[in-house]
Amino acid sequence: MAFDYDLFVIGGGSGGVRAARIAASEHGARVGLAEEYRMGGTCVIRGCVPKKLMVFASGFPGSVADAQAYGWDAQIGGFDWSAFRFKLDAELTRLEGIYRANLERAGVTILDCRATVAGPHEVRLGDGREISARHILIATGGRPVVPEKWQGKGVMTSNDVFLMDRLPKSILIVGGGYIASEFACIFNGLGVQTTQFYRGAQILRGFDEEARGHIAGEMMQNGVDLHLGTDVLEMEGRDGTTWVKATTGHDASYEAVMFATGRKPATEGLGLEALGLDLKPNGAIPVDRYSQTAVPSIYAVGDVTDRANLTPVAIREGHAFADTVFGGTPRFFDHGLIPTAIFTQPEYGTVGLTEEEARAQGPVDVYCAAFRPMHSLFAGRDNRAMMKLIVCRSSDKVLGCHIVADHAGEMIQLAGVAISMGATKAAFDQTLAVHPTVAEELVTMRVATRSHSD
Ligand code: NDP
């Protein structure tokens, strides 16, 4: 049977674009790609990229305060949100254009519409047209989830932040994950009175406990009003603000309320159930390690599979899929060791096991240092950095590295290379310190802070 395309990709985000581009340009496949919104997906349009630019914007008041402490006659005025948003929109449009141009250069046909799956080899476009493809790749990503009780109450999600007309004077952020904690720091840095509610005992569940506690302490010291063990009990609009009563009895009004209570794979209405694909309870598409679904002609990559919901992971999954299916080189992305950063203030960079995970696997030694870095110490700030290595007692391999410090994202990228190569603690110790830096602490911690033999 002659198909219209060798590959049809649904979703123009990080995973879908990489797969389409590699399949077309490196393996000569005839590729079509449908995107219903803006090319670039969550990462470029309403995630990593605009978020990081807001992180940069939110850092300037602190930098100016430090400049004063270093002797500069520096002053900072007000923040012009409209001017920032205008530039942000222009930058996202520029990036979207690059994504589009790269796809076109690779020979991919772009269809600016919604597409759903109509059969193992059939795709239905928004205008009702049906097209056929030998393989279909679903890369539709995820969407923020607001608990049902609070839907329709005028609360924001991370999708809305970049579209705000003005910056609120006060905000309540609900949630304790990556997104909630990053935006709490961003708004706080921009001078918005920021409150964060997290229902559990400590934010950033799943990460290293010591690092979580360190970050929460720093965030509070920097001005985030963090309420642990706290959830929203009641909420209503009052005089142009939102009045919120917490489960702890605390009540206050906020100009804006943002829910960052998780994300859900975007599979609704895609037509997958009709094909007999059993989705996971949260809507994720089950796939094998080659990203193939139970329908052999249909694959899925990125957040829609809910494996590790990160841009670089989706890119690797999309690339491996293209090489496997169109390049004749079966390969898959190993999700075992993923360096990642959380852009809180201070940043958190992490790779490998947490102390809790490592000690469950066998005896480990933990090397940890918390200290006041030179830069902020001189500025009179009491902020502390944290460096931590978790080392396997029997092999001496570094199983996990956790950094809470300015630029921790940059540092963990490099520590990630060493740890991916199986570096031992002895190799860290042999490496000469770069002085004076914060990162030198990683190669100068000689005595274990504690040991776990259980
Ligand atoms: P997460 O799943 O990380 O966090 C969701 C948070 O909301 C948790 O604290 C959770 O609490 C809480 N929560 C869930 N349901 C409710 C509820 N009904 N009421 C109150 N609180 C609730 O999701 P995020 O949205 O923060 O991030 C999604 C994903 O996006 C991340 O996992 C990450 O992969 C990716 N991401 C990556 C970034 C980066 O690389 N820097 C940045 C931003 C996002 P509990 O812990 O108790 O379940």
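Taken together, the values in this text are just the output of simple stated rules run on the coordinates, not laboratory data. Keep in mind that this is a model prediction, so the values were computed, not measured. No Cβ is skipped: glycine too gets one built from the backbone with ideal geometry, and neighbour counts run over all protein chains shown.
Please name whichever of 206, 150, 133 sits farthest to the positive end of the charge dipole of region 122-242, dipole taken about the Cα centre and charges placed at Cβ: Lys and Arg +1, Asp and Glu -1.
So the residue furthest toward the plus end is 133.
With +1 on each Lys and Arg Cβ and -1 on each Asp and Glu Cβ, how big is the dipole of region 264-400 about its Cα centre, in debye rounded to the nearest 20?
In debye, rounded to 20, region 264-400 gives about 480.
Between residue 73 and residue 220, what FRET efficiency follows from the Cβ-Cβ distance if R0 is 22 Å, with the result rounded to 0.05?
0.10
If each residue's Cβ is checked for other Cβ atoms within 10 Å, how do 395, 297 rank with the fewest at the top?
395, 297
Pull out the extension gain between residue 2 and residue 453, defined as 0.36 nm times the separation in residues minus the alpha carbon to alpha carbon distance; nm, one decimal.
The span from residue 2 to residue 453 would gain 156.1 nm if fully extended.
From the residues 34, 171, 47, which one has its Cα farthest along the dipole of the chain in the positive direction, the dipole being from +1 and -1 charges on Cβ of Lys/Arg and Asp/Glu about the Cα centre?
Positive-most Cα among the choices belongs to 34.
Report the charge-dipole magnitude of region 1-68 in Debye, nearest 20, computed about the Cα centre from +1 at each Lys and Arg Cβ and -1 at each Asp and Glu Cβ.
Value, rounded to 20: 180 debye.
What is the dipole size for the chain, taken about its Cα centre, with +1 at each Lys and Arg Cβ and -1 at each Asp and Glu Cβ, in debye to the nearest 20?
My answer is approximately 320 debye.
Report, in deg cm²/dmol and to the nearest 500, the calculated mean residue ellipticity at 222 nm for the chain, where each DSSP H run with n ≥ 4 adds -39500 (n - 2.57) and the sum is divided by the residue count.
-9500 deg cm²/dmol
Of all beta bridges DSSP finds with both residues in the chain, what is the antiparallel percent, to the nearest 5?
60
Of 265, 319, 353, which is farthest along the charge dipole of region 262-393 in the positive direction, counting Lys and Arg as +1 and Asp and Glu as -1 at C-beta?
353
In what sequence do 82, 25, 181, 58 fall when counting other Cβ within 10 Å, fewest first?
82, 25, 58, 181
Could you give the distance between the Cα centres of region 137-212 and region 386-454, to the whole Å?
31
In what sequence do 135, 435, 121, 335 fall when counting other Cβ within 10 Å, fewest first?
Ordered from fewest to most neighbouring Cβ atoms within 10 Å, 135, 435, 121, 335 come out as 435, 335, 121, 135.
I'd like the antiparallel share, as a percent to the nearest 5, of DSSP beta bridges with both residues in region 1-139.
35
Could you tell me what a quarter of the Cα convex hull surface of the chain works out to, in nm² with one decimal place?
24.8
With a cut-off of at most 15 other beta carbons within 10 Å, and DSSP calling the residue loop, which trypsin sites (Lys or Arg not before Pro) in region 146-187 qualify? Please list them.
Counting only loop positions with at most 15 other Cβ atoms within 10 Å, the trypsin sites (Lys or Arg not before Pro) in region 146-187 are 153, 166, 169.
What aspartates and glutamates sit close enough to residue 425 to cross-link, taking a C-alpha to C-alpha distance under 15 Å and skipping anything fewer than 8 places away on the same chain?
365, 396, 440, 441
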